[in-house]
1. What's the ranking of 105-113, 203-211 by average number of surrounding C-beta atoms within 10 Å, highest first?
2. I need the calculated FRET efficiency for the pair ASP333 and GLU42, taking r as the beta carbon distance and R₀ as 51 Å, to the nearest 0.05.
3. If you build the convex hull over the alpha carbons only and average its shadow over all orientations, what do you get for region 308-428? Give it in nm² to one decimal.
4. Any chance you could get the radius of gyration and Dmax over the Cα atoms of region 277-329, in Å?
5. Among 323-335, 87-99, how do they line up by average Cβ neighbours within 10 Å per residue, starting with the highest?
6. Determine the gain in length on full extension of the stretch LYS84-VAL356; use 0.36 nm per residue of separation and subtract their C-alpha separation, reporting nm with one decimal.
7. Label GLU110 and GLU243 with points 7 Å out from Cα along Cα→Cβ: what is the distance between them in nm?
8. Starting from the Cα coordinates of region 358-401, work out the convex hull volume and express it per residue in Å³.
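The values are calculated or read from the model by the stated rules, or taken from the named source; none is laboratory data. Because the structure is predicted, anything quoted here is derived from the model rather than measured. Quick reminder, even Gly has a Cβ in these numbers, built from the backbone with ideal geometry, and neighbours come from all protein chains shown. Just so you know, the surface numbers come from the protein's heavy atoms only, side chains and all, with ligands and any DNA or RNA stripped out. Shrake-Rupley method; radii C 1.70, N 1.55, O 1.52, S 1.80 Å.
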Amino acid sequence: MSFTGALADDVRAVPSSQSDVMMSYAPLVKQTTPAVVNVYAERMVTRRMSPLFSDPFFGQFFGQQMPGRSEKQMALGSGVIVAKDGIVITNNHVIADADDVRVALSDGREFPCKVLMKDDRYDLAVLKITSDETFPTIPIGDSDAVEVGDISLAIGNPFGVGQTVTSGIISGLARNSITDGEFGFFLQTDAAINPGNSGGALLNMKGELIGINTAIFSKGGGSNGIGFAIPANMVKVFVAAAESGQDYFQTPYVGATFGPVSSDIAEAVGLKAARGAIVSAVRKGGPADKAGLKAGSVIVAVNGTPIQHPDALLYRLTVIGTGNTANLSVERDGELTDVKLPLSLAPEDPPRDTRVIGGNNPFAGLTVENVSPRVAQELRLPDISDGVAVSDVANGSPAARIGFAKGDIIVAVNGNEIDSTGTLEDEASENPGYWRLSLNRGGRMINQILR
């Protein structure tokens, strides 16, 4: 099917006549808007009660608005149906902490949804419409084929006014440091994106999804023509992971850490420009180590695509996917070499051996696991291997009252190294009278004495 004003495959041209300028996006909009939905997320929140408002006298005046009462909050965003059985992709921040999620189609019908998977690091969530009917969809395109200057359409529900279409161009590629999450590879567009557009579609002129609108750069909350979208190729692997039944989104395990290449580093290693990702450290026995990567090497391309920064490297490895091999172009000592890096899931070695600590001790109420690359990825731990990880803290438990938090790494108790969950359980069964504790929280060592 062709559209008025649509471009043929791999052909790009500027308008050359008045008739070209008069072309319309209407046929493209009519085909795609039925697959863009409004997403409604309800959550219950409780206002903190001031002692002042516990007085019945004040209750007469404030009624249901009194602090301390539970009330519903509604978040509004957009989403895109990408599969006929009702698979919807949206932003995580649209449905985060929601007790109830519903979607409304462009024809006004509403449906309840189930959240299949969500991840705040990538600000993506996959929903499944609770219905047996067949839904309209938008095909997911190839965001790597997008070029700066391409025309783009943004569809969503800004400010709750109703479904809206805006047009613009792709302003930039591979933008990073846009959000507080770990994902740092965005398409930039000047198509107007406003609150409520989050999770909506960014389309090319073939009617394909090339991105999920996510963030804007704005000091006043409105569009300044600087909007950002998560590329469609990232959306593809995220949706595939959700449909396969994964509990959380697992990225390929590399066994190395990377840093940006500054101008000083570029000069020191003989690069012509400050680009790429320098290998900061390599975990012994990991995939990077076995592939021959060494600290100080600079990765400048993946499968022939240039790498601008470490976020771009991690994005490229993620969209290649586990079970495949990435071909890295690596510069070291002025020489360019090719390195083949097999991509696999993070291993669970040692086994996690999950245990719940009980008894009368400061650790009672903790759920702990042995640290492995898999556990480190799940809990977003720093690249360490010593100690055991706290994966949960029971509400109201002694451990919760002391201040233990999910992600803490217990390294030593009373001077004894904690090398397994069994060792911690043994230490917790002792009764020394006081406890000397060493733990790692987010890479920072904390030493504490507990009684």
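1. On the way: 105-113: 14.4, 203-211: 23.3.
Per-residue mean Cβ counts within 10 Å order the peptides as 203-211, 105-113.
2. Working: r = 58 Å, r/R0 = 1.15.
The calculated FRET efficiency here is 0.30.
3. Numbers: hull surface 41.1 nm².
The number I arrive at for region 308-428 is 10.3 nm².
4. Taking only Cα atoms of region 277-329, I get Rg and Dmax of 10.7, 27 Å.
5. Numbers: 323-335: 15.1, 87-99: 21.4.
Ranking, from highest mean packing down: 87-99, 323-335.
6. Details: separation 272, 0.36 × 272 = 97.92 nm, distance 4.28 nm.
So the extension gain works out to 93.6 nm.
7. So the two model labels end up 2.9 nm from each other.
8. Working: hull volume 3.4 nm³, N = 44.
Cα convex hull per residue, to the nearest whole number: 76 Å³.
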